[in-house]
Each structure stands twice: as structure tokens, then as C-alpha cells.
Amino acid sequence: MLTRTITTLAITATLLVGMGSAVAAHHKGEHDIVDTAMKNDDFSTLVAAVKAADLVDTLKGEGPFTVFAPTNAAFNKLPDGTVESLLKPENKGKLTDILTYHVVPGKVTAEQVMGMSSATTVQGSDVMIKTSYGDVKVDNATVIKPDIMTTNGVIHVIDTVIMP
């Protein structure tokens, strides 16, 4: 019991430290998900993909949405040519499936995510969630910056593109 309590406290402390400037900068959630992503250079590939998949209007909608947002570095981990191929008009369906796999309906904060073992995505499949030793994993991606609040949901930054 004591080990579980210590582990829970360690995880909570890690998430709070990781939220740091993200929560301070975005606490009020003055912009929607798309505008927030567009203001962050680390999401330029994600923004290009959202545009190519015609999901801008959806993610600017009322929501709320929870987005597990891969950084440019996450997209760079994909095999050479993957991003370029996915951005082609003939691959719009596949790109849409991948992107909507990163979105969960509703506003799910880091605290709530920590209590979950899975979540059903907008794409229709479940992502697996695991909290261990201070890390929160969504499938094979690690949440590296949680709880960026927006006017229509929340963004959790992840280090790997997850695939349905």
C-alpha cells in the first residue's frame, strides 16, 4: 500500500512539474486546439497533416476534444517518406484515420488520464493508457507535456505518432 501511494505521489509530482510553463502559458485556454497548435513551432507537421486531412474545421469546432499531439520530432521518427506520402491527396483517408486516432471525445485532463487504462478515440479504436514510474504512455507514446488547455479541449503533447 505504501509503495502504491509513493508511486502515485511520484507520478503526480512528475506530471505537475511537466505541466509547468504549459499550464502557466495556456491556463486560460484563450485559443482553440488548431490555433494553439499553429502558435507552436513544434506542431508544424501536425498542423500540415490536419490541413491535408481537412480536419481544421472539426478541431476548431465546439468539442470538447482531447488531442494527443505528436511533435515534429515524433513525426521524424517515422520511416523516411512516410509523412510526405500521407500528405498526398490519395492518402487522405489513411491520414484521417491516423489523426483521429490521436483524438478522444471530451476534455480529459492529465489527472483523469492517469486513472484510465484505455480510451475510445474519434477514429473508433481504443488507445491503451499505462501509468508507470512517473510516465504516462498512450499506446507506445509518452506524454511529455500534459494539460495545454484550449477553448475547446485539451492537448497532451506526445513523443511518438501512434497508429490505429
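The values are calculated or read from the model by the stated rules, or taken from the named source; none is laboratory data. Computed from a predicted structure; not experimentally measured. The accessibility values were calculated without ligands, DNA or RNA, using every heavy atom of the protein model including side chains. Shrake-Rupley method; radii C 1.70, N 1.55, O 1.52, S 1.80 Å.
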Filtered hits (aspartates and glutamates, Cα-Cα < 16 Å from Lys92, offset >= 8 within chain) -> Asp54, Asp57, Glu84
Checked against a 18 Å limit on the C-alpha separation, the offending pairs among Lys94/Lys145; Lys60/Lys107; Lys51/Lys94 are Lys94/Lys145
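Computing the accessible area with a 1.4 Å probe over protein heavy atoms, can you report the carbon and sulfur percentage for the range 41-158?
Working: 2890 of 5670 Å².
Here it works out to 51 percent.
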